[in-house]
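Derivation of every value follows stated rules applied to the coordinates shown; laboratory data play no part. Since this is a predicted model, take the numbers as computed values, not measurements. In this analysis, Cβ positions are derived from the backbone assuming ideal geometry, glycine residues included, and neighbour counts consider all displayed protein chains.
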Amino acid sequence: MKKNKDKLLDVAYFSMEVAIRSDMSTYSGGLGVLAGDTLKTIADFKYSALGITLLHEKGYVGQSLDLAGKQVSHCEMWNKEEYLTKLPFTIDVPLSDHNVSCAVWQYDIVGQFGSTVPVYFLDSNVQDNTEYDRTLTSNLYGGDSFYRLCQEQILGLGGLALLEKLKFNSQKVRVYHLNEGHASFVGLSLYNKVKDDFSTHNEAMDYIGSKLAFTTHTPVAAGHDRFSLDDVKRVLPADLFEEIPKEAKIEGRLCMTRLSLHFSGVVTGVAKTHEKVTEKMFPKYDVIPVTNGAYHMEWTHPSFKKLYDEYIPEWSYDPSTFRKAISIPDDKIWDVHIQIKKDLIEYVNKFSVNKFSDDVCTLGYARRFTSYKRPALVLADLNRLEEMISSVGCLQIIFAGEAHPKDQKGIELIKAIFQKTQEHKGKIKMVFLEDYNMDMATKLVAGVDIWLNTPLQKHEASGTSGMKAAFNAIPHLSVLDGWWPEGWIEGVTGWSIGTNMNEARLDNKDSWNSEVTDLYDKLANKILPLYYQDRLGFIKIMKHAVALNGSYFNTYRMMNEYTAKVYFPLKNGLNKEAVAKNK
Ligand SMILES: *Cc1c(COP(=O)(O)O)cnc(C)c1O
């Protein structure tokens, strides 16, 4: 540890979940994948950085379906010793009237140019702790609200304690980057540590603001963590509780998003539409958009990697050169695509009673299952789909995704889709693949013909799976939400479903009906005819997906934006003008 004595840290990145590899169940979905892709990119950029998260040794949840299509969740234990190295010390996190001792496990992300970013996993399963405390870092998004509060306290206060142990006090850290509100106690605790070094409250706040960046991911009000103030009082050290700002207390509860908004000098949203939605939710605050990306080295299929190596040798260290995919011969793109698709179809046919074929246009839909993402939209009118299939051309659909075990509606959606795949056997080929994870995502985003997304407008913060598809020349067919309004050129990079950014709500039947009609009309009149009768026209769109969207919606472009808009303005203190100009 001595060697950190004079070292400066560019970024200390806090995230409740980090998706590093498929077989470490330390993530649930998009938020974790973004965190993992970000840290891998930071390693490529050779920044001095580290990640902090919880161990989650029992993982998130694994999924299987029973015969009726009901999701059965199981624990996804993974072997920490196989992947991580335990550090020779523990740290103490104050919780209620005692300390929770946490072991620290390290995973080194090695970037493609050899630089390393360590990720630290805090682990409360330590012998000295009480039985309850030992469970606190076991399950990602498990337990009740009180359990989650304790977890967030360990992430925030424990993370800061670890940084100090590593000799990184706030003067040595250029920016604490909070990925979502779970680590909001970092701001509160930092303020409490440094406030006596300043003569006024405002000076202390400016200092904290110059160090703290917050990325919010949740456009839905209910998605922001709120904890009962009674519970918070019970677990948080009294001096910290005293410092909770009024604006973070809403109806007797502590809003973790508002806590970070209060202390952070820069707040970012994850797409341009999301920035607008967030500013509407929190009108007092400036939010700058830094549209997400996906890490091209992670999500480009090995067969496409080979093709790009041949035609665009710079692509791996400069994904902006995906622009040159336009010049790759059509038959090369198609040959690679079909080869990947064949592998996927073979995989699907292991699980599906409906035998899929590789010459049929294939839609892919895979993500977390929850109401606002409306996974069943494409199945809204099966008669119309059947009619389309017999008059225009065949279609087959692959679904995958898990619902949070407490999300009854999400579980019902999976069951409804599963039952439709059974009832319409023979007429429409559909399959629901169990246990969606990173490995399966890699197969799906590269092996289908079209990537589908049908969220309720203004509810999708960004979405990243459509970006992963773009690296693999897969066009996107989606409602205009999240990143898609930025990547969408109709009939060039893919297609929209519906157009207007209206005030759609969950119960808004009109937007559902008009989007269903638009989706079917586009499939019947544009997409399927193009696929079956104008293959070269379809390949042109595939090439545009890589050239226009792969070249932009990658984490290198994203990291350049974080560097310019977030990390560097913070380096010289909060630069409000630069932030404003960059909006
Ligand atoms: C990329 C990814 C997601 C995120 O998908 P969205 O399109 O952003 O909803 C979720 N789960 C896994 C396993 C992924 O790889």
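See the values below:
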read-out	value
Sequence-distant lysines (8 or more away, or on other chains) whose Cα lies within less than 22 Å of Lys565	Lys40, Lys46, Lys172, Lys211, Lys272, Lys276, Lys280, Lys284, Lys576, Lys581, Lys583
Prolate/oblate/rounded label for the chain (Cα gyration tensor, a/c 1.5)	prolate
Cleavage-rule hits (GluC sites (Glu not before Pro)) in the stretch 247-316: DSSP loop, at most 10 neighbouring Cβ within 10 angstrom	Glu251
The stretch 296-553, relative contact order in percent, only Cα pairs under 8 angstrom and at least six apart counted	25 percent
Three-way shape call for the stretch 271-355 based on the alpha-carbon gyration tensor, with the a/c threshold at 1.5	oblate
Selection from Tyr285, Leu519, Pro329 lying farthest towards where the dipole of the chain points positive, charges on Cβ	Pro329
Potential lengthening between Phe241 and Ser316 on full extension [0.36 nm per residue; Cα-Cα distance subtracted]	22.2 nm
Restricting the stretch 48-151 to chymotrypsin sites (Phe, Trp or Tyr not before Pro) in coil, as DSSP defines it, with at most 11 other Cβ within 10 Å	Phe113
Cα-projected label distance for Lys332 with Ala221, points at 7 Å along beta-carbon direction, nm	5.4 nm
Relative contact order of the chain, pairs being alpha-carbon contacts under 8 Å that are 6 or more residues apart, as %	15 percent
Estimated FRET transfer efficiency when R0 is 60 angstrom, pair Arg234-Asn349 (beta carbons, to 0.05)	0.65
Neighbour-count ranking [beta-carbon atoms within 10 angstrom, fewest first] of His98, His424, His301	His98, His424, His301
Leu382-Tyr285 FRET efficiency (beta carbon distance; Förster radius 45 Å; 0.05 resolution)	0.50
Antiparallel bridge percentage (DSSP; both residues within the chain; nearest 5)	35 percent
Inter-site label distance for Asp23 and Ala416 at 7 Å from Cα along Cβ, in nm	3.8 nm
Residue-span extension gain [Phe568 to Glu423] - 0.36 nm each, minus C-alpha spacing	46.6 nm
Extension reserve of the Ile250-Gln408 stretch, reckoned as 0.36 nm per residue once the Cα distance is removed	54.2 nm
From phi via Karplus (6.51, -1.76, 1.60), per-residue ³J(HN,Hα) for the stretch 332-342 in Hz, x at Gly/Pro	5, 4, 5, 4, 5, 4, 5, 4, 5, 5, 4
Neighbour-count ranking [beta-carbon atoms within 10 angstrom, fewest first] of Asp359, Asp407	Asp359, Asp407
Relative contact order (%) - the stretch 45-88, alpha-carbon pairs under 8 angstrom, separation at least six	31 percent
Candidates per trypsin sites (Lys or Arg not before Pro) in the stretch 1-107, loop by DSSP, up to 13 other Cβ within 10 Å	Lys5, Lys7, Lys70
Computed magnitude of the charge dipole of the stretch 296-553 (debye, nearest 20; Cβ of K, R +1, Cβ of D, E -1)	300 debye
Residue order, fewest to most beta carbons within 10 Å, for Thr53, Thr130	Thr130, Thr53
Two-site label geometry, Tyr147 and Leu65: point separation in nm, points 7 Å out along Cα→Cβ	2.7 nm
